[in-house]
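See below for the structure under consideration.
The values are calculated or read from the model by the stated rules, or taken from the named source; none is laboratory data. Everything numeric in this text was worked out from a predicted model, so none of it was measured. Cβ sites come from the backbone with ideal geometry, for glycine too, and all protein chains shown count toward neighbours. Accessible surface areas use protein heavy atoms only, side chains included; no ligands, DNA or RNA. Shrake-Rupley method; radii C 1.70, N 1.55, O 1.52, S 1.80 Å.
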Amino acid sequence: MSNKVLAGRYELFERIGEGGMSVVYKAKDKLLNRFVAIKILKPQFIGDHKFIDSFRRESQAAASMSHPNIVNIYDVGREGNIHYIVMELIEGKTLSDYIKAQGAMSYPKVIALSKQIAAALSFAHKNHIIHRDVKPHNVMIAPNGTAKITDFGIAKAVNAATIVDNTEGIIGSVHYFSPEQARGGYVDEKSDIYSLGIVMYEMLTGRVPFDGDNPVNIALMHINGEMVPPSKLVTGVPPALEHIILKCTDKYPVNRYASADELIEALNNLEFVGSVVGSSVLMGGNNGEQRDRMQADGQGPIAETDYDDGEDEYEEDRPGKGKKKDKNKKKPMDKKKKMIIIGSCVAAAVLIIGLIVAAALGAFGGKEIEAPNFKNMTLEEAKDAAKEYNIKVKKGDEVISDEVEKGKIVSQDPKAGEMVKEGSTIKVNISIGLGDGDVPDLTGKMQNELSAYLEAAGFTLGSVTSEPGQEPEGTVMRQDPAAGTKAEKGTAINVVVSDGSKAKAIMPFVTGMTLGEASSAIANAGLKVGNVTYDYSDTYANGEVMWQQFEGNAQKERGTSVKLIVSKGKKPEPTTQAPTQPPAGNNDGDTGENN
């Protein structure tokens, strides 16, 4: 493929990457005189027209996004059977290569990269694009440390019908995809947040949380397996960061961060608190043993050896003075007081933050009660019921559910049965049913294929009525709701099909066929063979149709007669040889006239 020129302007130089669905080349845009990266779809996906159409639509949508943490897409095109995307060339390496080379990263680096990836996802989600394949292989790290996500187009093009390929086993990368992806269920922005949580886990520990012998086992781990907390694998993990990762990777979407922006806010708060109270106290770090010793001694962040070192230094500055230190005792005392003040400030800051968190969690309040179960109630019903328990209810997220009726409560936080304080607030998530989707275009499809097609799209077949039409019998002429409109998943789509009474017959191509083959093709098309004549032909063999009355694909009334001319083969050469005279004495009278 190298040295090939696409679209007359993109000269391919060398292969620089390969994934399950595509190969990436370094190329030069000769028109704009710049280097670019070109992603070319692998041949095994070329025959899937639905995949190609979706690939092009989503790639074009991704091309409209411009964000510092998203690899820019410049062009989308096709040349022959080659489908390609022209992208920004990043002179760096993938996050997966970075992790292989560096191993587990420091938590400040994990936070910095996670915020950049989350910012890219936030921008994409606001543009109604879900990545669906967030993984280290799809994150480029530029030489200046900037993280850039790629592969938006192809990732959205993948659906439940195309999860298996010949290279990686499962598209969506089984090590990183969400439990709902593993189930083949509905995928939204929170699926990307789950995948980012897995990436954060790998950056922090140097390994993925779930691994196994085959993709199916790994997928089942995402659905049912318990994740080993990062702090069990590496030392110095900030508890707050571990909490963020575990929340991102909660198996239930409603328990994850509601948006990428909310995740960024949590990471920002983590950095801010760390800057106030010190990473060694609040955020962990690599001095866990020292922190444990300080807590055991009740001295805050100040180690005993710090003061001792200062005292020793003072003694050395006063050689020969022995224990006589009264005049200069102020110097070590000033240092000690300073350390005590710093320690007190840190302790006060921790206490204040603890009080704020406790107040937010309702630690100060009335007696504890069991949280009531609000599932399957409307929001108003839940608020009325909550009054009896002296608690409050507030609306949380609107979520997809195939179990709970639209407008009713799916889940709550805290969960039913958990102990809560009187006066506290319970957040409830409301079902929106199966969600909304784009109604597919059914026009031109045959009635016998509608049920399976609609089921795959999340809809059902409603009423089917017939009307006189020119289309073949059973062909969809109209539908309600109209194609492209938004409708709740599970909505019944009503169709009107042609009864075929006014259908036109399509004249087949029969030249070159034998008369028998042509007659059969014409009859199958709803036409009939008319007058058949014969003539010589230097092109068509004896018995082949050399002319048909109507051109192929011409529309004719059903039952129309079609005239044909059939070849008699090549015209014989004229005879110029004189008749042969019979031998002398032959009187049988045969003159050869019948020859």
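Per residue, the convex hull spanned by the alpha carbons of the range 212-254 comes to 76 Å³.
Think of a 1.4 Å ball rolled over the protein heavy atoms: the range 1-136 then has 46 Å² of accessible area per residue. Charge dipole (Cα centre; +1 on Lys/Arg Cβ, -1 on Asp/Glu Cβ; no other charges) of the range 428-557 amounts to roughly 240 debye. From the cross-link list Lys395/Lys421; Lys232/Lys415; Lys383/Lys406, which pairs have alpha carbons spaced over 21 Å apart? With Cα atoms farther than 21 Å apart: Lys232/Lys415.
Of the residues Thr491, Tyr534, Ser567, the one whose Cα sits farthest toward the positive end of the charge dipole of the range 485-571, with +1 on the Cβ of Lys and Arg and -1 on the Cβ of Asp and Glu, is Thr491. Net charge dipole, the range 368-435: roughly 200 debye, given to the nearest 20, about the Cα centre with Cβ charges of +1 for Lys and Arg and -1 for Asp and Glu. Distant-in-sequence amide contacts of Thr425, defined by a placed amide H-H separation under 5 Å and a gap of 5 or more residues or a different chain, comprise Lys392. Near Ser466, the amide H atoms lying under 5 Å from its own belong to Val497; only residues 5 or more places off or on other chains count, and H is placed 1.01 Å from N. Per-peptide packing, taken as the mean over residues of other Cβ atoms within 10 Å, places 532-539, 503-510 in the sequence 503-510, 532-539 from highest down.
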